[in-house]
Amino acid sequence: MRPRLSLLLLALALFALGGVLSWPRPATAPTSAPKRTGPVPEMGVVVAARDIDYCAPRTPCGPGSRTDTIFYVRVRGGEAVGVAIPRDLYSPLVGGKINAAYGRGGPELLKRAVEEATGLVAERHLIFTLEGVARVVDAVGGVEVYLDRPMRYVDRAANLYIDFPAGRLHLSGEEAVKYMRFRHDALGDYARLDRIKAVATQVAQKAQDPRVWPALAAALREVWRELDTDLSLEEVLGYLPYARGLQVALATLPTREGAGTYLYVDEAHRGELLAALFGGPPLAPPPGLPVRLRGDAGLIAWGRAFLEREGVEVRTEEAEVARSAVYATDPAAGRYYAGLFHLPVIASHRPLAEVVVELGPDLLH
């Protein structure tokens with residue numbers, strides 16, 4: 001009997017990944033051990049991306065000291081749950097904005113600042129460069145987005161030119177980085193974080209396809225050289241059995257505006273959000289929240305029939321959908337419906353009075 005193609009690709013990817021993770025790195029002592037719940041590995045990771053420093057207009061010097069993209073991600077077996085942290089959040093530990101933590105005290109200060117903001121334990125860190133992010137996006141074949149209106153912005157000093165038309169777009173890694181850096185719309189950095197969450201969940205979904213594993217492993221070998229992390233080979237390999245079927249849920253830390261350009265943690269809503277995100281999946285659909293299905297007519301008909309069998313009444317809307325996902329202001333409700341459809345859930349900053357299940361053409365592949 002001939003071995004399945006997916007198994008051959010997995011073997012090749014594991015071989016390449018072993019080479020990636022055995023690449024020499026400066027010796028660092030782990031600050032704490034990852035947690036386990038029985039046989040299931042679990043750890044909290046601060047995932048961030050460094051911006052670019054410029055020596056002069058249009059003259060990049062390399063990765064910058066600020067981390068304008070910061071996530072806390074708790075990985076437990078086949079589930080990754082994360083919260084995005086706005087770059088302008090005031091951190092008493094840093095004495096300024098949290099995006100300055102990495103430049104002032106390296107990854108350890110960034111981890112402590114994230115713990116201060118979230119109240120969650122961060123055992124490890126994973127700091128990318130923007131070039132590394134672009135390589136990973138390219139390795140999974142790019143990402144699909146849908147723009148309601150054109151996205152245009154020019155920063156000549158930073159050599160940043162963004163000019164995307166409205167409609168459905170397929171973005172390369174470099175284009176996806178531009179899409180995620182854009183924050184010149186009504187919701188500013190909050191909308192940028194929503195775009196980052198959408199791209200991150202899409203990359204996580206595409207990375208589960210065995211066909212991209214060899215290219216992904218090759219890209220990670222390049223990324224590993226410039227990566228700042230204290231993850232060990234043993235820890236990473238412990239999660240490989242859960243890679244396929246990974247469930248992803250992402251939200252944004254609740255904040256309130258303060259003096260100047262600072263944001264502050266919204267203590268009144270933080271506990272509620274984190275409990276809904278990290279407290280485990282709900283056993284029943286939360287009452288009182290309507291559900292709306294968006295997408296192609298055929299997929300909507302299938303989704304409606306599926307939900308009606310579950311006793312859920314839905315509204316429908318035919319619309320262009322770039323990638324399937326569940327959107328909800330209430331992450332507990334979002335996670336329930338994401339579990340039904342086996343889709344990622346994105347808790348958008350934009351208020352939603354209902355759970356929106358978007359069904360895109362990726363479901364037909």
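As a rough guide to protection, the peptides 214-227, 305-318 ranked by mean Cβ packing within 10 Å, highest first, stand as 214-227, 305-318.
Sequence-ordered 3J(HN,Hα) estimates for segment 194-202 from the Karplus curve with 6.51, -1.76 and 1.60 and θ = phi - 60° stand at 5, 5, 5, 4, 5, 5, 4, 5, 5 Hz, glycine and proline given as x. For segment 43-275, the relative contact order is 23 percent, taking Cα pairs closer than 8 Å that sit 6 or more residues apart in sequence and dividing their mean separation by the residue count.
Rounded to the nearest 10 square angstrom, Met180 shows an accessible area of 20 square angstrom against a 1.4 Å probe. Contact order for segment 291-363, expressed relative to its length and based on alpha carbon pairs under 8 Å spaced 6+ residues apart, stands at 41 percent. Computed from backbone phi with θ = phi - 60° and the Karplus coefficients 6.51, -1.76 and 1.60, the 3J(HN,Hα) list for segment 204-214 is 4, 5, 5, 5, 7, 7, x, 5, 9, 4, x Hz; x is used for glycine and proline. Accessible surface of Asp330, taken over heavy atoms with a 1.4 Å probe and every protein chain present, rounds to 60 Å².
Quick one: net charge of Asp189's neighbours, Cβ under 9 Å, K/R +1, D/E -1? So the environment of Asp189 carries a net charge of +1.
Rounded to a whole number, what % of the accessible area of segment 43-275 do carbon and sulfur atoms account for, probe 1.4 Å? Using a 1.4 Å probe with all protein chains present, segment 43-275 comes out at 53 percent carbon and sulfur. Amide H to amide H, with H built 1.01 Å from N, Gly96 comes under 5 Å of Ser91, counting only residues 5 or more places away or on other chains. Rolling a 1.4 Å probe over the heavy atoms of the protein chains gives segment 43-275 an accessible area of 43 Å² per residue.
The values are calculated or read from the model by the stated rules, or taken from the named source; none is laboratory data. In this text, all values refer to a predicted model and were calculated from it rather than measured experimentally. Counting neighbours? That spans all protein chains shown, and the Cβs are built from the backbone with ideal geometry, glycine included. Surface accessibility is based on the protein's heavy atoms, side chains included, excluding ligands, DNA and RNA. Shrake-Rupley method; radii C 1.70, N 1.55, O 1.52, S 1.80 Å.
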